[in-house]
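Only one structure is covered here, and it is reproduced in the block below.
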Amino acid sequence: MPGAPLLQLDKLSTHYVSAQGSRVVRAVDEVSLSIDQGETLGIVGESGSGKSTLALTIMRVLPVAAHIVGGRMMSRARTSSPSRTRRCARCAASASR
């Protein structure tokens with residue numbers, strides 16, 4: 001697949017939900033980016049802005065309270081969407097607000 005990005009995110013969203021389900025934190029909200037071969041990407045931001053959650057989402061090693069609620073991750077190896085991951089109805093409802 002020459003010319004395809006190594007990694008492409010399209011409106012990727014990851015939320016954290018409290019144990020009781022009463023609180024939702026939108027840690028990563030509709031992030032889109034594309035990384036081609038030979039490129040380097042740096043993610044900078046304030047403390048708590050979602051940098052680590054974005055990295056954990058890409059690596060698919062999220063903590064139990066975190067849920068990918070929208071968007072797509074595509075790489076030369078595979079494509080993934082929330083329909084193939086854990087979903088949280090409360091998170092999906094908050095994403096539509």
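The values are calculated or read from the model by the stated rules, or taken from the named source; none is laboratory data. Bear in mind that the values here come from a model prediction, so they are computed numbers and not experimental data. Positions of Cβ are generated from backbone atoms using ideal geometry, with glycine treated the same way; all protein chains shown enter the neighbour counts.
Looking at region 57-67, which of its residues are in a helix (DSSP H, G or I) and closer than 14 Å to Val25 by Cβ? Thr57 - this is the single residue of region 57-67 that is in a helix (DSSP H, G or I) and closer than 14 Å to Val25 by Cβ.
Could you say which residue among Ser47, Ser83 is loosely packed, with under 14 Cβ neighbours inside 10 Å, under 27 Å from Ser22 (Cβ atoms) and modelled with pLDDT of 95 or more?
Going through Ser47, Ser83 in turn, just one is loosely packed, with under 14 Cβ neighbours inside 10 Å, under 27 Å from Ser22 (Cβ atoms) and modelled with pLDDT of 95 or more: Ser47.
Filtered by the rule that a residue be polar (S, T, N, Q) and in a strand (DSSP E or B), region 2-37 gives Gln8, Ser13, Thr14, Ser32, Ser34. Report whether or not Ser52 is modelled with pLDDT of 95 or more, in a loop (DSSP other than H, G, I, E, B), of a type in the set (Ser, Thr, Tyr) and more than 10 Å from the chain's Cα centre (by Cα). Against the criterion (modelled with pLDDT of 95 or more, in a loop (DSSP other than H, G, I, E, B), of a type in the set (Ser, Thr, Tyr) and more than 10 Å from the chain's Cα centre (by Cα)), Ser52 does not qualify.
Only one of the numbered conditions (1) over 27 Å from Ala4 (Cβ atoms); (2) at pLDDT 90 or above; (3) surrounded by 13 or more Cβ atoms within 10 Å (Cβ to Cβ) is not met by Ile35, and that is (1).
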